[in-house]
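Taken together, the values in this text are just the output of simple stated rules run on the coordinates, not laboratory data. None of the values given here were measured: they were computed from a predicted structure. Virtual Cβ from ideal backbone geometry, glycine too; neighbours counted across all protein chains shown.
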Amino acid sequence: MDPAAEHRQQLRSLRDFLLVYNRMTELCFRHCVCNLNYRLLTGREESCLDSCAARLVRANHRLMGAYVGLMPALLQRRAAEHGAPAGPSGLPDSPEPAPGPAGSSPDAPAAGT
């Protein structure tokens, strides 16, 4: 990948992270902070924010895990629809084998399909 494309990809990743972070911050703030008369958070507000942020981070991790698990199959299906040869990872075939569990066959159906 050329440096300009890599830089654009990094900027997209940073933008995506900041959008998720800002949305999470806004949701938790609106849910937990009810009194703006004081400069510091109350104990109740602080514990609410901690649990809210932890809940949203766990949910985000679950969603990303599902995305990572489903993306190869989606890419493979898309490649098949467009007639392009796709390897087991859903990307075009490459000379290097894709990493996977020992003893698995690239011709074997993927789990959950």
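Ordered by packing density, taken as the mean number of other Cβ atoms within 10 Å over each peptide's residues, highest first, how do 68-76, 56-64 rank? All intermediate terms of the calculation are to be shown ahead of the outcome.
Working: 68-76: 13.7, 56-64: 11.4.
Peptide ranking by packing, descending: 68-76, 56-64.
Karplus-based coupling profile of the range 38-54, in residue order and whole Hz: 10, 6, 9, 6, 6, x, 5, 5, 5, 5, 5, 4, 4, 6, 5, 4, 5, with θ = phi - 60° in 6.51 cos²θ - 1.76 cosθ + 1.60 and x standing for Gly or Pro.
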